[in-house]
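Here the structure is laid out as structure tokens; the discussion comes afterwards.
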There are 2 protein chains.
Amino acid sequence: MRCLDPVKVIEVSDATDERLADYVRLRDVNLRKSLEAEHGLFMAEGEKVIRRALQAGYRPRSFLLTERRREALADVMEGLAAPVYVVSEDVAHRLVGFDLHRGALASFHRRPLPTVEQVIADARSVVVLEDIVDHTNVGAIFRSAAGLGVDAVVLAPRCADPLYRRSIKVSMGAVFTLPYARLDDWYAGLGELSRLGFRLLAMTPAPGSVPIAEALAGTGARDRNALLMGTEGDGLSSRWMEQADVCVRVPMVDRDVDSLNVTAAAAIACYELVRGRVEDRAAG
Amino acid sequence: MRCLDPVKVIEVSDATDERLADYVRLRDVNLRKSLEAEHGLFMAEGEKVIRRALQAGYRPRSFLLTERRREALADVMEGLAAPVYVVSEDVAHRLVGFDLHRGALASFHRRPLPTVEQVIADARSVVVLEDIVDHTNVGAIFRSAAGLGVDAVVLAPRCADPLYRRSIKVSMGAVFTLPYARLDDWYAGLGELSRLGFRLLAMTPAPGSVPIAEALAGTGARDRNALLMGTEGDGLSSRWMEQADVCVRVPMVDRDVDSLNVTAAAAIACYELVRGRVEDRAAG
């Protein structure tokens, strides 16, 4: 086991120490949103996710390790300038607001997001999320989209943050690897996708929607499809529905189930979106 | 608005009142498991889910409403003998261990589960869960399976309980309508499915598994398929894999994503399992 460069390792015994300010009250969503926006940071939790953030080229501001896990990331810390704060489990609890079972946190600098034009330039399958509220759902959708082979994600201006701690965790780090961008303009933002030749498929269980497999039948290798998914509960706005080329749904039976949850629906829809391409790849 | 029969409504101001014993410490999983097993009860939370339990014919032991929600279920309570306990929000919090935002709980009598033979007798598509640990995952799988049109679920002896509060909630009540049974015998239990003509499809990302769509291609209207899904993380046991007729997977691209989460994988697999049938139904 390698040991950390001793000059970088700083033992801190006071949970209110200013140097630990990036890590305060991790479950206080409102506080975290403003703190992370103000300082342009995001929080990665657990060794696996921290490693993935580093692999993806994100630059750490600092690390926070509990005493028991103080050597946890020694192999990847060489050559990094970021300080490593080591705290007792008790200090960790008082600082972040819960037991830090995984024993490792890191604060990273955010990067400027690419433009929508950049992320869709070479994409053929894109998922567009309008105002998904729940960070768990955003993370789960990124995980499925990345795993199944969707090329990019585009977010409406008010969609929940993929780099929020909970989104990152649920995505298993897929938010670091799957390119995404955020629309500036909710009202007219889909226009750019249309201009670049994307067919807009609006996910909705509404009458008149067609089964997604049917809508995608005959999709060729060069066709561009963008799947629009709306907020939990209410679904897509009427503005976005009107701009869609086709309304699509996952076929359901008539039981007492209202609908699929958004992550199940997203998994199936992404699966259909990339189906032909993944089969091509396997065959090739 | 109808008013409740006054003789059934009992205001209780003491969180330790024995009559409220069904409702204690709802987040204490170990306590709840033993309490619910001992008394043969389960706990439904929120109006919608309680209504669905009643619709499915489950018999209530009692209801617990907060003062503000005391008339919430008046329309369905007529003719029911179960007492309705009304408590302040403060008593509710001390009793159950958290803020009862939805303001309505009900304790129901469990029913004896049907046998595996009974639930699969007329089924063509069955999901078999081996030792799923997490109640959220069990609930989410039931919701997808019910919504997509799977006929029945079979559980390994150690799979988490679909009638646990969290499973019920996440399933949106699908656990009440989708027939399920539990195997007595983990080791030899799949034999019954095979004897009844079910082809056993084992979900696994292991090399040698075939894309699930490929494995199901050519499935006729009378074919019987059982999809086996294993525990979070480790997947199916080697015993069950050996008994499967074919190993299947959801095709993935090679990114930094380990795998789909079990509920996303289950949604896609259930979608494929019933695909031909739902299309038949829509066409017919």
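Descriptive notes on the structure:
- Scanning region B:86-98 for residues that are closer than 18 Å to B:Arg32 by Cβ and either charged (D, E, K, R) or touching a residue at least 12 places away in the same chain (Cβ under 8 Å) (or both) yields a total of 6.
- Of all the residues in region B:233-249, those that are open to solvent by 50 Å² or more (accessible area, probe 1.4 Å) and outside any strand (DSSP E or B) number 7.
- Inter-residue pairs, beta-carbon under 8 Å, first open to solvent by 40 Å² or more (accessible area, probe 1.4 Å) and in region B:7-18, second outside any strand (DSSP E or B), 6+ apart: B:Ile10/B:Arg19; B:Ile10/B:Pro83; B:Ser13/B:Ser88; B:Ser13/B:Val91; B:Asp14/B:Val91
- When the residues of region B:19-30 are filtered to those that are modelled with pLDDT under 95 and not in a loop (DSSP other than H, G, I, E, B), the one that is surrounded by the most Cβ atoms within 10 Å (Cβ to Cβ) is B:Val29.
- Residue in region B:88-104 that is more than 24 Å from B:Gly139 (Cα to Cα), surrounded by fewer than 16 Cβ atoms within 10 Å (Cβ to Cβ) and not charged (D, E, K, R) present: yes
- Within region B:51-76, restricting attention to residues that are of a type in the set (A, V, I, L, M) and part of a helix (DSSP H, G or I), the residue that is surrounded by the most Cβ atoms within 10 Å (Cβ to Cβ) is B:Ala53.
- Looking at B:Asn261, B:Asn225, just one residue is polar (S, T, N, Q), open to solvent by less than 10 Å² (accessible area, probe 1.4 Å) and either modelled with pLDDT of 95 or more or outside the structural domain of B:Ala56 (by TED's automatic domain parsing) (or both), and that residue is B:Asn225.
- Scanning region A:37-79 for residues that are more than 14 Å from chain B (Cβ to nearest Cβ) and in contact (Cβ under 8 Å) with a residue 60 or more places away in the chain gives A:Gly40, A:Leu41, A:Phe42, A:Met43, A:Glu45, A:Arg70, A:Glu71, A:Ala74, A:Asp75, A:Met77, A:Glu78.
- A:Lys48, sole failed condition from (1) open to solvent by less than 40 Å² (accessible area, probe 1.4 Å); (2) under 16 Å from the mean Cα position of the chain (by Cα): (1)
- In a residue-by-residue description of region A:184-199, the property of being among the basic types (Lys, Arg), under 24 Å from the mean Cα position of the chain (by Cα), within 14 Å of chain B (Cβ to nearest Cβ) and in a strand (DSSP E or B) applies to no position.
- Looking across B:Ala202, B:Ala217, B:Ala206, B:Ala266, one residue alone is under 24 Å from B:Val133 (Cα atoms), aliphatic (A, V, I, L, M) and within 14 Å of chain A (Cβ to nearest Cβ). It is B:Ala266.
- Pairing each residue of region B:136-153 that is outside the structural domain of B:Ile168 (by TED's automatic domain parsing) with any residue that is crowded, with 24+ Cβ neighbours inside 10 Å and modelled with pLDDT under 95, provided the two are 6+ apart or on different chains, yields no C-beta distance under 9 Å.
- Taken over region B:164-180, the residue count meeting the criterion of being open to solvent by less than 10 Å² (accessible area, probe 1.4 Å) and out of contact with any Asp or Glu (no Cβ under 8 Å at 6 or more places or on another chain) is 3.
- When each of B:Val153, B:Val128, B:Val138, B:Val133 is tested for being touching a strand residue (DSSP E or B) at 6+ places or on another chain (Cβ under 9 Å), open to solvent by 10 Å² or more (accessible area, probe 1.4 Å) and of a type in the set (A, V, I, L, M), the lone residue that passes is B:Val133.
- Single unsatisfied condition, B:Ala188 versus (1) among the hydrophobic types (A, V, I, L, M, F, W, C); (2) open to solvent by less than 30 Å² (accessible area, probe 1.4 Å); (3) out of contact with any Gly (no Cβ under 8 Å at 6 or more places or on another chain); (4) without any contact (Cβ under 8 Å) to a residue 24 or more places away in the chain: (2)
- Number of the exception - B:Asp5 against (1) modelled with pLDDT of 95 or more; (2) outside any helix (DSSP H, G or I): (1)
The values are calculated or read from the model by the stated rules, or taken from the named source; none is laboratory data. Because the structure is predicted, anything quoted here is derived from the model rather than measured. So basically every Cβ, Gly included, is an ideal-geometry build from the backbone, and we count neighbours across all protein chains shown. Ligands, DNA and RNA are stripped out before the accessible areas are found, and what is left, the full protein with its side chains, is counted by its heavy atoms. Shrake-Rupley method; radii C 1.70, N 1.55, O 1.52, S 1.80 Å.
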